[in-house]
Amino acid sequence: MNSLAQAKEVLASSQSVAVLTGAGVSAESGLATFRAVDGLWEGHRVEDVATPEAFARNPGLVWEFYEMRRIQAAEASPNPAHVSIANLQRRYEDFTLITQNVDGLHQRAGSTGVLEVHGSLWIIECRRCGTSREDRQVPQPSLPPKCSSCGAVERPAIVWFGEGLPEDVYLRGVEAVERSAVFVVVGTSAQVYPVAGLIPLARRNGSFIIEVNPEASALSHMAHVELRGKAGEVLPQLVAP
Ligand code: BJW
Ligand code: ZN
């Protein structure tokens with residue numbers, strides 16, 4: 001039996017599925033991944049823009065980066081990978097989608113209850129007074145936006161390096177992985193923790209791990225089946241009846 005057939009059979013005979021996605025799932029929607037050669041932003045590494053220190057130093061520059069990301073995400077459309085994952089969800093009572101992506105494309109494809117463990121481009125928050133608001137307006141009228149309650153500079157509700165993940169969201173992801181019989185890992189380089197740690201966790205818990213990625217990731221060796229190809233091509237085959 002080939003890998004695809006084996007993966008399909010395991011999925012068909014399982015009751016509990018967790019899926020983890022990374023930037024690769026949105027690559028075919030035209031959104032850049034982080035660690036590709038062309039994944040740099042005007043010469044800045046993601047580690048140099050996506051930190052609280054960078055924001056404290058230069059909120060305008062960091063906002064410029066996120067404004068660009070918000071515009072790109074707003075203009076992008078879900079691709080067949082997002083749609084396949086939304087379709088897969090409809091087959092299971094116990095299904096959890098954990099995404100590291102902040103673009104909102106899974107929800108636009110019809111996924112529900114998505115665990116956005118690295119936050120969202122579409123929530124703007126004030127860390128001084130703790131208010132947050134959903135805001136899909138692009139471009140923002142002025143940058144950086146200021147909190148209407150306290151006047152402090154607002155920021156996108158995204159988890160930067162060195163910041164903790166939203167604890168309840170992440171814990172629900174951990175529980176879903178622990179419950180899962182199958183764990184599908186799509187389009188992530190598996191280099192950023194603690195999320196990458198979900199893969200060894202799944203392994204310890206006896207989940208069957210399916211990786212979908214055109215290239216090997218840092219944790220490919222933990223997968224039971226490696227489906228090498230683009231998510232938008234492989235996932236429709238994986239979820240086809
Ligand atoms: C395709 C495809 C196609 C292409 N189809 N696939 C040393 C060791 C261990 C840990 C650390 C360490 N030093 C520092 C740390 C901690 C740090 C970390 O992990 N760093 C590593 C880089 C080493 N982690 C943190 O800081 C985290 N917080 C934390 O640990 O807090 C501790 C704490 C506790 C309590 C209080 C306070 C603190 C937070 C991590 C937050 C990550 N945030 C980012 C940026 C968000 C901002 C933004 O979006 O602008 O999230 S980083 C960036 O990487 C983004 C992504 O979600 C994340 C993961 O990237 P992803 O999705 O895997 O993308 P790529 O580009 O890496 O990979 C794309 C993949 O797609 C590739 O494999 C391609 O092959 C594939 N692909 N086309 C399918 N068509
Ligand atoms: Zn405020």
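Count, please, the residues in the stretch 110-169 that happen to be of a type in the set (Gly, Ala, Ser) and either under 24 Å from Ala81 (Cβ atoms) or within 16 Å of ligand 1 (Cβ to nearest atom) (or both).
8
For (1) within 16 Å of ligand 2 (Cβ to nearest atom); (2) surrounded by fewer than 16 Cβ atoms within 10 Å (Cβ to Cβ), each residue gets a yes or a no:
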| site | (1), (2) |
| --- | --- |
| Val138 | no, no |
| Pro141 | no, yes |
| Pro144 | yes, no |
| Cys147 | yes, no |
| Gly151 | yes, yes |
| Glu154 | yes, no |
| Gly164 | no, yes |
| Glu167 | no, yes |
Legend entry - Every residue from the stretch 141-177 that is under 10 Å from Val117 (Cα atoms) and of a type in the set (A, V, I, L, M, F, W, C): Ile158, Val159, Leu165, Val169, Leu171
Inset, instruction - Any residue in the stretch 212-231 that's more than 16 Å from ligand 2 (Cβ to nearest atom): show its pairings with residues that are modelled with pLDDT under 95 at Cβ separation under 8 Å, as long as the two are six or more apart or on different chains. - result: none
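Sort through Ala196, Ala176 and tell me the only one that's in contact with a Ser or Thr (Cβ under 9 Å, 6 or more places away or on another chain) and either more than 10 Å from ligand 1 (Cβ to nearest atom) or of a type in the set (Val, Ile, Thr) (or both). If you could, list the steps in order and put the result at the bottom.
Numbers: Ala196 fails: either more than 10 Å from ligand 1 (Cβ to nearest atom) or of a type in the set (Val, Ile, Thr) (or both).
One residue alone meets the criteria, Ala176.
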Inset, instruction - Return the total of residues in the stretch 173-208 being open to solvent by 40 Å² or more (accessible area, probe 1.4 Å) and at positive phi. - result: 1
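The values are calculated or read from the model by the stated rules, or taken from the named source; none is laboratory data. Since we're looking at a predicted model, the values are computed, not measured. Glycine gets a Cβ as well: all are built from the backbone with ideal geometry, and neighbour counts include every protein chain shown. Calculation scope for accessible area: heavy atoms of the full protein, side chains included, ligands and nucleic acids excluded. Shrake-Rupley method; radii C 1.70, N 1.55, O 1.52, S 1.80 Å.
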